[in-house]
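The values are calculated or read from the model by the stated rules, or taken from the named source; none is laboratory data. None of these values were measured; they are calculated from a predicted model. Cβ atoms come from the backbone with ideal geometry, glycine included; neighbour counts cover every protein chain shown.
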Amino acid sequence: MTVLILGSQADPQVLHVQQMLNVRGHQAVIFDGSDFPTTDRIHFDVSRNECTLLLATAQLPINEISSVYWHCFNPPQPQNVDASHATIARQNCVSALNVLLYAKHINWVNGIDAIRYHQSKPLQLLHASSLGATIPETIITNEKSEAEKFVCTYKHIIVKPVYGGTLADIIGIKKLQERIWPLMQTSGPLTFQRYIGGTNIRTYVCGVNCVTVELRSDNVDFRTDARTEAKAHPLADTQNQLAVSLCKQMGMRWCAIDWRLDNDGVYWFLEINPAPCFLRIECETGLRITHMLLSELLAEAKRKPPELGTRRQAITT
């Protein structure tokens, strides 16, 4: 079986997954989008319905790729392009790679739709609530008066980008006026969320299997704390079932769900990530997260690969 891994050759988790697949006797090839189109190339003969990825390390007919592990898709980096044409050049590269990214026969863990849905965090929160998850009071706004009203309503407020990717911070009315409002004027809406006291809980879901850890830290955002301690955490069956449902209903095969567990024993849903980091946590806890992930990647395909580029299979940007 051939597995394509989306990520960087320098990423320890990417290299770990590649090594574990190789140990099991499978071909595992890393594709770093930032090497495209300078080092890596693609050839799609539309009339013959044949498409091949021409990588520095391998030549892969797309129809021979059984599974893809999406850890990180680094955007293409066209070289020696005039600044006025850089955006068009990148869009051109992504459009060509859509032949791969929308290939329906591949066992995607996870696919592009799940990745893009993760980038729509307000909808994700609303969806989680509809499925039975408890979510903190939250607003998305760049309206100053509404932000001030929200900040004044609750004792502690978390602020973070709508898109994610940047660390969360606790603010009060003074910081809102001095730092956050100028940021909203230049960068657009931000997420304001009631801060939930307690501890950090993360559940890794793969198919119908779950493992959960507590991430102990005194910092507001545990990602800023090099001393964060990971410890296996027992989760009730009902909470496990909710985690599996959240993963499935949001179109994911594999994910990590971040919760806050408050002092009353309530699990507050914060977000669900379709491409989570796990290597450090696995090393610290001994939980078999890699085993879960590989089992999902190596699941038998339910159907034979269809032809690429059929009339019913629209490829969009």
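So here's what we get for this one:
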quantity	calculated
Enumeration of residues in segment 272-298 that are assigned to a loop (DSSP other than H, G, I, E, B), more than 14 Å from Val109 (Cβ to Cβ) and touching a strand residue (DSSP E or B) at 6+ places or on another chain (Cβ under 6 Å)	Leu287
Within segment 22-38, tally of residues that are out of contact with any Pro (no Cβ under 9 Å at 6 or more places or on another chain) and either in a helix (DSSP H, G or I) or crowded, with 18+ Cβ neighbours inside 10 Å (or both)	6
Qualifying positions in segment 57-85 - out of contact with any helix residue (DSSP H, G or I) (no Cβ under 7 Å at 6 or more places or on another chain) and either in contact (Cβ under 8 Å) with a residue 24 or more places away in the chain or among the small types (Gly, Ala, Ser) (or both)	Thr57, Ala58, Leu60, Asn63, Glu64, Ile65, Ser66, Val68, Cys72, Gln79, Ala83, Ser84
So Gln19, is it closer than 30 Å to Tyr204 by Cα, in contact with a strand residue (DSSP E or B) (Cβ under 6 Å, 6 or more places away or on another chain), outside the structural domain of Cys206 (by TED's automatic domain parsing) and surrounded by fewer than 17 Cβ atoms within 10 Å (Cβ to Cβ)	no
Qualifying positions in segment 113-123 - touching a helix residue (DSSP H, G or I) at 6+ places or on another chain (Cβ under 9 Å) and surrounded by fewer than 18 Cβ atoms within 10 Å (Cβ to Cβ)	Leu123
Pairs, first farther than 11 Å from Gln9 by Cβ in segment 30-49, second part of a strand (DSSP E or B) and not β-branched (Val, Ile, Thr), C-beta under 6 Å, six or more apart	Arg41/Leu54; Ile42/Leu53; Phe44/Cys51
Which listed residue, of Thr2, Thr52, is over 28 Å from Cys277 (Cα atoms) and in contact with a His (Cβ under 9 Å, 6 or more places away or on another chain)	Thr52
Breaking point among (1) outside the structural domain of Leu261 (by TED's automatic domain parsing); (2) among the hydrophobic types (A, V, I, L, M, F, W, C); (3) touching a residue at least 60 places away in the same chain (Cβ under 8 Å), for Ile157	(3)
Test: residue in segment 252-273 that is farther than 27 Å from Leu126 by Cβ, at pLDDT below 95 and over 16 Å from the mean Cα position of the chain (by Cα)	no
Residues of segment 157-180 that turn out to be surrounded by fewer than 16 Cβ atoms within 10 Å (Cβ to Cβ) and at pLDDT 80 or above, as a count	0
Any hit, segment 39-49, residues being surrounded by 13 or more Cβ atoms within 10 Å (Cβ to Cβ) and either under 30 Å from His291 (Cβ atoms) or charged (D, E, K, R) (or both)	yes
Test result for Ile88, aliphatic (A, V, I, L, M) and in contact (Cβ under 8 Å) with a residue 12 or more places away in the chain	no
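One line per residue, one yes/no per condition, for (1) farther than 28 Å from Met292 by Cα; (2) exposed (fewer than 13 other Cβ atoms within 10 Å of the Cβ); (3) among the polar types (S, T, N, Q); (4) not assigned by TED's automatic domain parsing to the domain that holds Leu15:
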{"position": "Phe73", "(1), (2), (3), (4)": "no, no, no, no"}
{"position": "Pro76", "(1), (2), (3), (4)": "yes, no, no, no"}
{"position": "Ala86", "(1), (2), (3), (4)": "yes, yes, no, no"}
{"position": "Ala96", "(1), (2), (3), (4)": "yes, no, no, no"}
{"position": "Leu100", "(1), (2), (3), (4)": "no, no, no, no"}
{"position": "Ala128", "(1), (2), (3), (4)": "no, no, no, yes"}
{"position": "Gly132", "(1), (2), (3), (4)": "no, yes, no, yes"}
